[in-house]
1. All but one of (1) under 18 Å from the mean Cα position of the chain (by Cα); (2) within 10 Å of Leu157 (Cα to Cα) hold for Arg326; state the number of the condition that does not hold.
2. With the requirement that a residue be open to solvent by less than 10 Å² (accessible area, probe 1.4 Å) and under 30 Å from Asn291 (Cα atoms), what does the range 134-151 give you?
3. When you scan the range 246-254, do you find a residue that is modelled with pLDDT under 95, hydrophobic (A, V, I, L, M, F, W, C) and in a helix (DSSP H, G or I), even just one?
4. Does the range 66-85 contain any residue that is at pLDDT below 95, part of a helix (DSSP H, G or I) and either surrounded by fewer than 19 Cβ atoms within 10 Å (Cβ to Cβ) or outside the structural domain of Phe55 (by the TED database) (or both)?
5. Gly302 passes all but one of (1) open to solvent by less than 20 Å² (accessible area, probe 1.4 Å); (2) part of a loop (DSSP other than H, G, I, E, B); (3) touching a Gly at 6+ places or on another chain (Cβ under 9 Å); which number fails?
6. Has the range 324-337 got at least one residue that is part of a helix (DSSP H, G or I), modelled with pLDDT of 95 or more and more than 18 Å from Val354 (Cβ to Cβ)?
7. The conditions are (1) outside any loop (DSSP other than H, G, I, E, B); (2) surrounded by 12 or more Cβ atoms within 10 Å (Cβ to Cβ), and Gln297 fails exactly one of them. Which is it?
8. Could you tell me which residue of the range 360-383 is modelled with the lowest pLDDT, considering only residues that are open to solvent by 20 Å² or more (accessible area, probe 1.4 Å) and touching a Phe, Trp or Tyr at 6+ places or on another chain (Cβ under 9 Å)?
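The values are calculated or read from the model by the stated rules, or taken from the named source; none is laboratory data. Predicted model, so just to flag it, every value in this text is computed and none were measured. Glycine also receives a Cβ, built like all others from the backbone with ideal geometry; neighbour counts cover every protein chain displayed. Heavy atoms of the whole protein, side chains included, go into the accessibility calculation; ligands, DNA and RNA do not. Shrake-Rupley method; radii C 1.70, N 1.55, O 1.52, S 1.80 Å.
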Amino acid sequence: MGAERKWFFSLLSLTFLSVLLLVLYSISPFSSPRPLPSLVQLGLPYPPAFGYYIFGGKGDKDRIFRLLLAVYHPRNRYVLHLGADATDGERYSLVVALKSVPAIRSFSNVDVIGNPDRFSYMGSSYIASTLHAAAILMKVDPGWDWFIALSALDYPLLTQDDLSHVFSSVRRDLNFIDHNNDLGWKEDQRFRPIVVDPGLYLARRTKIFYATEKRAMPDAFKISFLEFCIFGWDNLPRTLLMYFNNVMLSEESYFHTVICNSPELKNTTVNSDLRYMIWDNPPKMEPHFLNISDYDQMAQSGAAFARMFKEDDPVLDMVDEKILKRKRNQAAPGAWCTGRKSWWSDTCSQWGDVNVLKPGPQAKKFAETITNLLDDWNSQSNQC
């Protein structure tokens, strides 16, 4: 009996110890209970929300995931697009990465296009892909206020709390788009050449084709958003889409031309795309790649976004550390993140009220930019 009693008490002690360890683990700072989603409030008087279209091609999966985390907020809506030249394995890997982020799992505000478009950055197929993404965003969640298209080469220069805070004082019917009636060198190099975008009809994406002839400039509309572009109540968006079908880098002008030739919308244009770029003089097809030597000027620019960046360039780590306060593979924190700050945990794995904002230092610089642009808009000096 003595041996049996000793065995019984040993078993009881082991069971008690296991229960005790389980209780201690449940209240450990290492544990991360899954919080319930906070109620997202859209429309006035709540802060604005943004519909993001983030796109790239083959090999851009990691860049798109990093960019998404840099601009993530539960109040926004996101559509991610890896073009048809990427593999199904890349798209699956991107979906798996998204599921690893607690907030994205809970708020379900990120979608990946499963039947991808084939597009060329220099052709009109890019416009079709952008309109496709805008239509998806309108269908899945029409509550966002502004549409933002970012490529895998872009990166933010402020937090989403900064962006929403500044835009809270902006009329929500205004459109920020960089337009210019004086085409200059673009007329001969971009609009008069006739190009064919193979992304519209070839199974494999290749470079655009140039025709030997050039065409005259149109006189029925000026060369110079989204609901009008997709559900337009007159035929202007579709007429322009046919013209821009054969224009090089047509995305630089299609949306601008639609809005500047629409009587209902042309007075809603604020002449800036809120991006920081460095161009050659005269400009080449693309701006410079930005690096660490550009950081100070870029951070002080008052822009919301910048481009172009090489993959995992050290300057992106500087933006993460100094501006976004973002750790690797974690969302940029905002007022909604309530988790404990430590080197091992994600502060955005727990959250409070997602409708509350806490702007940082970059918000002041960005607010100055918006104030100057709106002053020009009120004076009608930067409208179409």
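1. Just one mismatch for Arg326, condition (2).
2. Selection gives Leu150, Ser151.
3. To start, the set of residues in the range 246-254 that are modelled with pLDDT under 95 comprises 246-254.
Still in the running and hydrophobic (A, V, I, L, M, F, W, C): 247-249.
Checking the rest, the ones that are also in a helix (DSSP H, G or I) come to none.
The answer is no, given that none of the residues of the range 246-254 is modelled with pLDDT under 95, hydrophobic (A, V, I, L, M, F, W, C) and in a helix (DSSP H, G or I).
4. no
5. Tallying (1) open to solvent by less than 20 Å² (accessible area, probe 1.4 Å); (2) part of a loop (DSSP other than H, G, I, E, B); (3) touching a Gly at 6+ places or on another chain (Cβ under 9 Å), Gly302 fails exactly one: (3).
6. There is no residue in the range 324-337 that is part of a helix (DSSP H, G or I), modelled with pLDDT of 95 or more and more than 18 Å from Val354 (Cβ to Cβ).
7. (2)
8. In the first step, residues of the range 360-383 are kept if they are open to solvent by 20 Å² or more (accessible area, probe 1.4 Å); the result is 360-362, 364-365, 367-369, 371-381, 383.
Cutting the leftovers down to touching a Phe, Trp or Tyr at 6+ places or on another chain (Cβ under 9 Å) gives us 373, 383.
Details: Leu373: 94, Gln383: 64.
By that ranking, first place goes to Gln383.
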